[in-house]
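Only the coordinates and a few stated rules stand behind these numbers; no lab work does. Remember, it's a predicted structure, so these values are computed and weren't measured experimentally. Neighbour counts are summed over all protein chains in view; Cβ atoms, including those assigned to glycine, are modelled from backbone coordinates with ideal geometry.
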Amino acid sequence: MNENAGHRERLRKRFDATGFEGFSEHEVLEILLYYTFAQKDTKPVAKALLKEFGSLEKVLAADPSQLCGIPGMGAASARLIQMFRALIQRISRSRAYDVSPSIASGSALMDYLGSSMESLPEEQLRVIFVNNLNRVIKDEIISSGTEDQTAVYPRKIMKRAMALHATGIIVVHNHPTGQLRPSNADIVITRALVAATDALDLRMLDHVIVGRDDKGYFSFRENGLL
């Protein structure tokens, strides 16, 4: 057995015995990357990822094109990391839904979202469609990236709400810079959405801005802007 094969086997046995307890961040990435690198030593790639992004959480939040920019990373490995992140987010949302089946406040929304938006490298706008009890019907990403958020047409969101038989919406987006105060564009799109929901007798429950790295949130409703 060669040295790399022996190292892989030792990591696997440690995981079998204790899960990820006692694993360093680079060891977590190492063992994850085994599934796209059949023979190659994955430690250098794991350490390069951490050096570039700073933490395991930020590696999992990185864009596929950024991941593929790391020497040794390819599309299959980037996809594996994306799948791992998506799985964590899905479980997190499911647990939040089981514990708190309705979203009636900014803090409840943050419990539902978990850390899924706090480390995203680009701005993402999501709409959560809810019923009369504020139970989540559908949670959808409406736009992502550097796109001007004022280009997100309220008509598109209203059409989706009607198709889902939703009675209310919660809009949420992140500010990768960490700045929590709403921009002029945030205020404009919020006013447009309020007008659209009023016209269709829907409820605009809130527009929440998520900060970066556990820096909190800004709720339009809690700050008297809705």
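Odds and ends about this structure:
- Helical runs (DSSP H, four residues minimum) scored at -39500 (n - 2.57) apiece and divided by the length of the chain put the mean residue ellipticity at 222 nm at -14500 deg cm²/dmol.
- Options [x] 27, 23, 18; [y] 26, 25, 14; [z] 39, 18, 15 - which one matches semi-axes √(5λ) of the Cα gyration tensor in Å as calculated here: [z]
- Two-site label geometry, GLN82 and ASP201: point separation in nm, points 7 Å out along Cα→Cβ: 4.2 nm
- If both residues of a DSSP beta bridge must be in the chain, then about 70% of such bridges are antiparallel.
- Largest first, the extents of the alpha carbon coordinates of the stretch 3-88 on the three principal axes equal 33, 25, 21 Å.
- Here the Gaussian network model covers the chain, with springs between Cα atoms less than 10 Å apart; of ALA163, ALA86, ALA78, ALA163 fluctuates the most.
- Compactness of the stretch 151-218, taken as the C-alpha radius of gyration over 2.2 N^0.38 Å, stands at 1.18.
- Average projection, convex hull of the Cα set of the stretch 102-219: 6.3 square nanometres.
- For the stretch 151-221 versus the stretch 17-41, the gap between their alpha-carbon centres in whole angstrom: 39 Å
- Percentage relative contact order, the stretch 3-88, counting C-alpha pairs under 8 Å, at least six apart: 23 percent
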